[in-house]
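Input: a single structure, listed below in structure tokens.
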Amino acid sequence: MADRIPQPPYRFHLLPCSGKRCTAEMGEAMKGRLKDLMPDRKALGVRISTSSCQGMCELGPNLIVYPQGVVYHGLQVADLDEIVEQVIRGAAAQEADDVGDN
Ligand code: FES
């Protein structure tokens, strides 16, 4: 029934919370801002999927990032710029360097 996929079709999976409490503070701005910051997200291998409540409402607004498995919390829209730059683009650049070193 369950097959193991050798490699997912994306490298990063971002899950902005779209639960009631998180969206009360940030609305749909988080997903929209992430998309605006990464018009090249397909080339970067980024998938953005809103989630329902992540069960950490008191910490929100929340964003989970895989494969790092990190929860960013208490986010403001401006925080997303830094996350995209350091976590996504930083990791993508590091991977490109690693491939170049081989
Ligand atoms: S509404 Fe976002 S964690 Fe509950």
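Could you tell me which residue of the stretch 24-43 is nearest to the ligand (Cβ to nearest atom), considering only residues that are under 19 Å from Ala92 (Cα atoms) and more than 12 Å from the chain's Cα centre (by Cα)?
Among them, the one singled out is Asp36.
Give all pairs with beta carbons closer than 8 Å in which a residue from the stretch 7-23 that is more than 16 Å from the ligand (Cβ to nearest atom) meets a residue that is in a loop (DSSP other than H, G, I, E, B); count only pairs at least 6 apart in sequence or on separate chains.
Partner pairs satisfying both residue conditions: Tyr10/Gly45; Arg11/Gly45; Arg11/Pro67; Phe12/Gly45; Phe12/Pro67; His13/Ser49; His13/Pro67.
Would you call Tyr72 more than 10 Å from the ligand (Cβ to nearest atom), in contact with a strand residue (DSSP E or B) (Cβ under 6 Å, 6 or more places away or on another chain) and free of Cβ contacts under 8 Å to residues at least 24 places away in the same chain?
It is true that Tyr72 is more than 10 Å from the ligand (Cβ to nearest atom), in contact with a strand residue (DSSP E or B) (Cβ under 6 Å, 6 or more places away or on another chain) and free of Cβ contacts under 8 Å to residues at least 24 places away in the same chain.
Would a scan of the stretch 7-15 turn up a residue that is more than 16 Å from Ser51 (Cβ to Cβ), of a type in the set (D, E, K, R) and surrounded by fewer than 16 Cβ atoms within 10 Å (Cβ to Cβ)?
There is no residue in the stretch 7-15 that is more than 16 Å from Ser51 (Cβ to Cβ), of a type in the set (D, E, K, R) and surrounded by fewer than 16 Cβ atoms within 10 Å (Cβ to Cβ).
Any read-out appearing in this document is the output of simple, stated calculations on the displayed coordinates, not a laboratory observation. Note that this is a predicted model, so its numbers are computed, not measured. FYI the Cβ positions are ideal-geometry reconstructions off the backbone, even for glycines, and counts take in every protein chain you see.
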